[in-house]
Amino acid sequence: MHQDLEVYLPKFKIMLSPNIEKLLQDQVTKEASSSQTYLSMACWADVKGYSGAAEFLYAHSDEERMHMLKLIKFLNERGSQAVISSLDAPKKDFGTLKEAFESILEHEVKVTESINHIITACLKENDHLTNNFMQWYISEQMEEEQLARSIIDKLEMIGSDTSSLYLFDRELTSLQGHE
Ligand code: OFO
């Protein structure tokens, strides 16, 4: 980029407040961490023989990466520069399939809290643009929580019935999210 342009362009951007910028940066890390967690869970499911769950989780890991990229682009377009942080290694063992989905639900509830916190901050600061952008995330969270709850309910019904578990695992390949 021409040096003059670098100084010039940000003047035309609606800049983020330092607080909102920090919250969005943190959310980038959370989405990256979600992607890694689902990837680790997919590997676990794969080697345990839950091939349907593995496929579902690999796809979910990609979705979380897309959530991260969407935030990164938003930050970069609003006069910031997204920071890519290092992450703690996710865990490798997830117990039973039901326990794995329970930990997904627990994780998603925390992510929803984090998104709600950003929206509350946007409302306090009258940052309607970021608020509008974050509405997509809150709808996505509702879908993800709902999906995790319905999977847990089904696994609860299946209990220790291995043939039903086998059939449900195959069904999981078709239970992907939208984004
Ligand atoms: Fe990014 O939606 Fe789950 O965490």
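So which of S139, S150, S114 ends up being within 16 Å of the ligand (Cβ to nearest atom), free of Cβ contacts under 8 Å to residues at least 12 places away in the same chain, of a type in the set (S, T, Y) and over 18 Å from Y50 (Cβ atoms)? Steps first, answer last, please.
Numbers: S150 fails: over 18 Å from Y50 (Cβ atoms); S114 fails: free of Cβ contacts under 8 Å to residues at least 12 places away in the same chain.
Just one listed residue meets the conditions, S139.
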(message) Kindly evaluate E156 against the criterion of being surrounded by 19 or more Cβ atoms within 10 Å (Cβ to Cβ) and either among the acidic types (D, E) or not in a helix (DSSP H, G or I) (or both).
(response) no
(request) Could you list, in sequence order, all residues of segment 117-126 that are in a helix (DSSP H, G or I) and more than 16 Å from the ligand (Cβ to nearest atom)? (result) T120, A121, C122, L123, K124
(message) I'd like to check something: does segment 110-124 contain any residue that is acidic (D, E), surrounded by 14 or more Cβ atoms within 10 Å (Cβ to Cβ) and within 28 Å of S17 (Cβ to Cβ)?
(response) no
(message) If I filter segment 165-177 for residues that are small (G, A, S), modelled with pLDDT of 95 or more and assigned to a helix (DSSP H, G or I), do I get at least one hit?
(response) no
(request) Tell me which of these I84 doesn't satisfy, since it passes every other one: (1) of a type in the set (V, I, T); (2) at pLDDT below 95; (3) in a loop (DSSP other than H, G, I, E, B). (result) (2)
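For segment 55-81, what are the residues that are in a loop (DSSP other than H, G, I, E, B) and over 14 Å from I20 (Cα atoms)?
Taking segment 55-81 and keeping what is in a loop (DSSP other than H, G, I, E, B), we get 78-81.
Within segment 55-81, none qualify.
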(request) Tally the residues that are out of contact with any Asp or Glu (no Cβ under 8 Å at 6 or more places or on another chain), over 14 Å from D26 (Cβ atoms) and within 16 Å of the ligand (Cβ to nearest atom), restricting the search to segment 95-111. (result) 7
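Go through L147, L172 for me and flag whichever is surrounded by 14 or more Cβ atoms within 10 Å (Cβ to Cβ), in contact with a helix residue (DSSP H, G or I) (Cβ under 7 Å, 6 or more places away or on another chain), more than 17 Å from F74 (Cα to Cα) and not basic (K, R). Reasoning before the result, please.
Values: L147 fails: in contact with a helix residue (DSSP H, G or I) (Cβ under 7 Å, 6 or more places away or on another chain).
Residue meeting the stated conditions: L172.
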(message) Out of A82, A42, A100, I need the residue that is small (G, A, S) and farther than 26 Å from L165 by Cβ. Which one?
(response) A82
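The values are calculated or read from the model by the stated rules, or taken from the named source; none is laboratory data. Treat the numbers as computed from the prediction; the structure is a model and nothing was measured. Ideal geometry is used to build each Cβ from the backbone, glycine not excepted, and the neighbour counts take in all protein chains shown.
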